[in-house]
Amino acid sequence: MATLMIQGTSSSVGKSIITTGLLRIMAQDGLRVAPFKAQNMSNNSFITLEGDEMGRAQVLQAQGAGIRPHRLMNPILIKPSGDMQAQLVVRGRVHGQYSASEYEALKPRFMAMILEDLAALETDSDIVVIEGAGSPAEINLRRNDLVNMGLATRIKSPVLLAGDIDRGGVFAALYGTLKLLSGEEQDLIKGTLINKFRGDMSLLEPGIRQIEALMAREVLGVIPYFNFPLEDEDGVAVYPRAYTGGVDVAVVRFPHLSNLSDFDALKSEEGVSLRFVETLKDLGSPDLLVLPGTKNTIGDLRWLKAAGLDEGILHLKETRILGICGGYQVLGRRLSDPQGIEGGILEEEGLGLIPMDTRIMPLKVTRQVTGRLKEEPRLPVRGYEIHMGRSTGHRPLTPLILLEGGEEEGYRSDDGRVLGTYLHGIFDSPSFRERLFNPVRRARGLKPVKSLDHDVIRETHLDALADLMRQSLDMAKIYRIIEGR
């Protein structure tokens, strides 16, 4: 068993996607590989078959490796609910709500657990590719570091340091990061990677030669800028705010929006325009408005009202409205959080489009589910639940979905205009997309579309990512680094 660690000069340099591509290459080469990230900070999470919660980035990496996601791949997940507070998920289960300083004090007790989970993952793997977080040169956080050099020095893992040339200053970032590390840490950095390159490679070559001489380490690859529609934890910023043609789908961009991956399937849906809105003037009159999941439901409901979006939504007459998880709760009449689990706001009136109340409870529901649309029992759907709210109807509600076993889930208004569900990933079901979008297409005189299976599309893009990276990286040298030669 061997390890390779991918660290970066900062957040968003592409560590997650580089790790994914390397795992797919190694799996194609016949190796048993697995991803690992000791600590992830993200509100984009997933529920495994066992009911454990983990970061979506490691889910994509597991898919790249061709294996089933497991909580061992992400022992600690931090889910921010505000600037100073976050929910801590440890080994797939809620551990509590902590401030940054409280968590910093807790960190030393988690290293033994992290090493134990990594050792368990290594048992069935030839190579574990480990992703770091942020930068290893955050000198104010190094004392209790669990995820970068704090882990690398414990397990003596070779490290490749990645930098983002698209944002500028990549050579200074690579060199400065190395020089802020201790001698022992510097010895573990075996090479560098330059990511997101656009332009003439001949103009970059002199810089590569100079930085290799300065750092005494080779640049093992220059990865070109690409835009495969794969999951990106910070990708909400790249979506347009204006309608760009086709079926107009608008998503409210809550400040604490969670599970951005819910909309990945729409990136490849023929004739669908997906945009994110955060002001009343951006709202317009979309064909479908989605209120997504949020890590701070009551706080984001208040933000919605302060932005005037609540009135804008209530004045929509033809638009179909879909609430997912926290967005589903917002569509109800009242939300209450008597124990202050999400924050200091104990109660707030919802939009009143669904006759139900929601109470935030300490026990989180985490499960994968399958079922069928209530109005079209022949159409299967699947998804996963991650929520701490319990919703109760003021009267018997017409469900959107009938789960296996007969349980009713979600809400559908009598006219079908207002929909709600706790199921993340519901757009991954082709039948749900067809049922939602084809009536709009027909009304516009367009042909119905047979929606494609998102899992198949993802596999195609993962293979394309591997092809691109194989052409860009010196894999022979990377394998020799992993072997210790």
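Read-outs: derived from the displayed coordinates by stated rules, not from any lab. Just so it is clear, the model here is predicted, and its values are computed rather than measured. As a convention, Cβ positions derive from the backbone with ideal geometry for all residues, glycine included, and neighbour counts pool all protein chains shown.
Couple of notes before you dig in:
- Rounded if a/c under 1.5, otherwise prolate or oblate - region 235-452, Cα gyration tensor axes: oblate
- Positive minus negative residues near residue 168 (Lys, Arg vs Asp, Glu; Cβ under 14 Å): +1
- Here the contact order of the chain, divided by its residue count and restricted to Cα pairs under 8 Å and six or more residues apart, works out to 14 percent.
- The chain: DSSP helices with Cα axial extent of at least 15 Å and average Kyte-Doolittle hydropathy no lower than -0.5: 15-28, 111-122, 201-215, 454-472
- Ellipticity estimate at 222 nm from DSSP helix runs (n ≥ 4, -39,500 (n - 2.57)) divided over the chain, nearest 500: -9000 deg cm²/dmol
- Karplus-based coupling profile of region 40-47, in residue order and whole Hz: 10, 10, 6, 9, 9, 10, 9, 10, with θ = phi - 60° in 6.51 cos²θ - 1.76 cosθ + 1.60 and x standing for Gly or Pro.
- Centre separation in Å (Cα based) which lies between region 168-202 and region 87-119: 29 Å
- Region 255-318 and region 9-78 have Cα centres separated by 28 Å.
- Unsatisfied cross-links (Cα-Cα over 24 Å) in the set 267/364; 79/317; 79/190; 15/79; 37/79: 267/364; 79/317; 79/190
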